[in-house]
1. Exactly one condition in (1) farther than 17 Å from residue B:479 by Cα; (2) of a type in the set (Lys, Arg); (3) under 35 Å from the mean Cα position of the chain (by Cα); (4) away from every other protein chain (no Cβ under 14 Å) is false for residue B:542; which is it?
2. Sort through B:126, B:151, B:139 and tell me the only one that's outside any helix (DSSP H, G or I) and closer than 27 Å to residue B:41 by Cβ.
3. In the range B:52-71, is there at least one residue being free of Cβ contacts under 8 Å to residues at least 60 places away in the same chain and closer than 28 Å to residue B:107 by Cα?
4. Which residue, of B:463, B:475, is modelled with pLDDT of 90 or more, aliphatic (A, V, I, L, M) and not assigned by TED's automatic domain parsing to the domain that holds residue B:210?
5. What is the number of the single condition among (1) at the interface with chain B (Cβ under 7 Å from one of its Cβ atoms); (2) open to solvent by less than 20 Å² (accessible area, probe 1.4 Å) that residue A:260 does not meet?
6. Could you check how many residues of the range B:149-159 are open to solvent by 20 Å² or more (accessible area, probe 1.4 Å) and touching a Leu at 6+ places or on another chain (Cβ under 9 Å)?
7. Hey, among the residues in the range A:135-162 that are away from chain B (no Cβ under 14 Å) and touching a residue at least 60 places away in the same chain (Cβ under 8 Å), which one's most open to solvent (accessible area, probe 1.4 Å)?
8. Out of all the residues in the range A:170-179, is one or more open to solvent by 20 Å² or more (accessible area, probe 1.4 Å), out of contact with any strand residue (DSSP E or B) (no Cβ under 8 Å at 6 or more places or on another chain) and not aliphatic (A, V, I, L, M)?
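The values are calculated or read from the model by the stated rules, or taken from the named source; none is laboratory data. These numbers were taken from a predicted model, which means no experiment stands behind them. Here the Cβ positions follow ideal geometry from the backbone for every residue, glycine too, while neighbour counts run over all protein chains shown. Just so you know, the surface numbers come from the protein's heavy atoms only, side chains and all, with ligands and any DNA or RNA stripped out. Shrake-Rupley method; radii C 1.70, N 1.55, O 1.52, S 1.80 Å.
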Amino acid sequence: MSEVKGAYNVCIIGGGITGTALAYSLCNLGETSVAVFEKSYLSSGSTGRCGGGIRQQWSTKNNVRLAMRSVELFEHFKEDVGTDIEYYQGGYLMLSYDEEEAKQFEKNVEIQREEGLDVEILTPKQVSERYPYINTEDLVLATFCQKDGHANPHKAVIGYAQAARRMGARIYTHTEVLGIDVQNGKVVGVDTNQGYFKCDAVVNASGPWSKQVSQLVGVDLPTESYRHQIFVTEPLENFFPMMAISFAGNFYMRQAQHGQFIMGQGDKDEKPGINYNVTFKFEKELTVKMVKLFPFLRNLRIMRHWSGMYNMSPDAQPIIGQSNIVNNYFYAVGYSGHGFMVAPAVTEALAELIVLGKTTHTDISYLNVDRFANAEVEKEKNVV
Amino acid sequence: MVDNQAGGKRHVDAIVIGAGPAGLCGAIAIAESIGDGTKVLVVDEGIEPGGQLPKQTHKFFGHEGFYASVRGFEIGKRLVDKARELGINFLMQTTLAGIYEDSIVAYDRNSNSVSEYTADYILIATGASERFLLFKNNTLPGVYGAGAVQTLMNQYKVMPGKSFLIIGAGNIGLIVAYQLLQAGAKVKAIVEATSKIGGYMVHANKIMRLGIPILLNHTIISALGEDRVEGAIIAQVDGKFKPIPGTEKEIAVDTICLAVGLQPSVELVAQTGAEIKYISELGGYVPVRDENMKTTVNNVYVAGDLSGIEEASTAMIEGYIAGYNIAQKITGKDMSEKITNMKNELVEFRKGPFAAKVREGLKKMGISFPGGGYREEIQQMPSSLSRLKAVIECPQAIPCNPCETSCPTGAINTGGNINGVPQVDYEKCTGCGICVTKCPGLAIFLVQQREEHSIVGIPYEFLPVPEKGSSVKLLDKNGKYVADGQIDRVMINRKEKTHIAFLKVPKGMEGVVRHFEMSTVSEESQAYICRCEEVSRNDVEKLIDSGITDYEEIRRVLRIGMGPCGGKTCRSVVLQIISEKTGVPISESRLGAFRPPVIPLPIDAIVRYAKGVGTDE
């Protein structure tokens, strides 16, 4: 054990959106004895590499509710947290190129509408009238929710971090957690490359490294990390307000506030494991596909190309909760590619769980890891 | 007035050539002693008497008997007033054209007329001329001697340039640099061919804490520019002062100021038939003279830089010695007491290490001066200063003691010898700050450790005077930013113009902070660092100040380096700023990610290629 450098009520591992938003949410509840340990720089993991979309069009009631609460919090981000994160409710246009998927979309919209979400179903003709720059060939239908949108993930992390710092939380960047000290079934401290910190609770918000960090506590989590690549073009004047996404078509694309187009796709051939390299194959595949659907892209140039990790759970839904093996160990992992958009609601609920022992705004019990003990898991279908 | 003689020659008891400190003091000594100033004539080329004094805006070293702590131009004024009171005549803008066998000929440039004089005694105090330096294009307009820069700037109020390179880190180079900075010019660097700063460390410290680099073992190779100076090439030199190939560097400046030493102006004294000898320690060719300043010609005396390059206090003393000796001969009265007093002063002034060369040189003339006998031990700043106290950072034995003589409680002493390194008796020091405003080297600071922060009082001679409460950037003794601070208060010194700015500094930094910079948004800070995304230095600095200190974090918030150039130009600049502001060396900072493509890659080109190689659509 290295030198004791401090003691905090809550130690959070990971300086991405979950770690920083949780620090902020804890401070909001009066718990300011909080430390965040980030082994690199803030937003260096999945958050800083993600597409920045924020949507509520999910296929299960619980996920719709969680997302709707998150949007409520994003809508007040500027006043509450104090930072402009380029949040823009330009909508999510979900494009379906598959008859079967289209039927599923219609069912999803029913669930979404039951939860009070305003969602439109658009025919290819309607899409083409509204968005003449989209090629609607082969399109079966689209759904659109105006209240969906996007934001700048880096700015969100920095905003949460600075707000948490102002309220008393400490954020240790370039501080890697090497061990978690568990005694008599309880976490008592965290050992880092900058020293040892005593704590009363520890939260695993380590994204791509969730499984390895959990192993430091001796708790297995059924997560695996998969590489996803993404690139960004040079900027154009803003004309493309929404996130365009397709599961069957395997892509998503949005125009950021600065004007650049950010886009990505999944790759079924990816093997689990952390890999931050990028492939030219990805650029070839995605440009060919996207130029056909969005012909204006042909005149743009690619500025930067990078990759990030989806920390996948078996049902493509987050794993959030309190361990029943080591009971002051909490986790908020396995987001399966949509951690940024639900982080405000998830961390609000998790902070309540830590401070009050129960959630008051959003029920997240369905995201507990224990769900995988059941034989059947309900898989979230709306994932790229 | 002077006696008119047959043939238009006018006769005086004594003619003094040169109205600098040596000549003025010599003339005063003679006039006082003979009781008639009208029998003394002072001839000088300048517009106003005083020699170099009217150009000197800094406070002089020494002791109060010779105007220590008084600014040079003020000393000149006082001496001239005194001389005029005594009735001494001045011939200004007049060049003494020659000392002939039969007469002394003066040429009045103003009236374009000559006049002839005879005198019983001649005191020559023609001072020195500046050494020149050979380098390519040294004739370009914009290459100046330090004296010319001072004349233009301080006497005629004309700035010869905007940004300067100064060659030579002796006292003159250091002083000119400081004066230029006070006048609002930029000084890019001082280069010095030898391996050490020749001037007083306290002068060098005044420059360094403003962030001006003093490049030792460097020289100028060439001035750059077509019609006037646009820059300079400097290079490192080896032990034999030869430039080392491959070390050349370009500096963009519009003025090059040479301060590479002085040589005695012996032309007139040589014409009297006095023996001239080459003594390098005294600056080159000098007149041979005795300890009474008499040359090998019986009625010809010398004083000041002409008799050996030194400084103003000793020039004044030499002037008095020569003057009293001349007066003794004119009047036949015994002036030995006054002469001995002045000689003893000279002994005191020449005991220190900076006078070693002069002692060596004079020995070659058979005149010996003792060295040593002063304190060199440097007092450490006390670790605890709960009340405001003086902290003296005067590390060299230099002949100067206004700190000691100005202290109202007798808390400062130089150890019984004016050359001694001063020490503070912290029991007696009340922190009144008088020594701070008196110290010619601006080497005294006031320090107090308070509960939440510390206070550092800094001698301040710049405009505008900072306002109480304003935010400042705290600089260390090398002018490096160390932290942000605030002006606690300012003690205005209307008479002597050395104000004291009291800074609030973080605890533990009271021994570090030695200057400050106003935190205003300068033009430079508004300049774009990242031209692609139009991010200014100020944007970056503000973010770092808010606690975001990682290149990747800064990049992601400001989009710096996210433009078409991909950070090729701005990355290193940002890393430099991070290093400056956090104190972490650039070599240890995190470089951030390098992402493909290195140039924007047209999607069309990729698509055409991909289709050509048969990627599925």
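1. Here residue B:542 meets the rest and fails (4).
2. Within the list B:126, B:151, B:139, the selection yields B:126.
3. no
4. Details: B:463 fails: modelled with pLDDT of 90 or more.
Testing whether each residue is modelled with pLDDT of 90 or more, aliphatic (A, V, I, L, M) and not assigned by TED's automatic domain parsing to the domain that holds residue B:210 leaves just B:475.
5. (1)
6. Total meeting the criteria: 2.
7. The selected residue is A:147.
8. Within the range A:170-179 (the criterion being open to solvent by 20 Å² or more (accessible area, probe 1.4 Å), out of contact with any strand residue (DSSP E or B) (no Cβ under 8 Å at 6 or more places or on another chain) and not aliphatic (A, V, I, L, M)), the answer is yes, since at least one residue qualifies.
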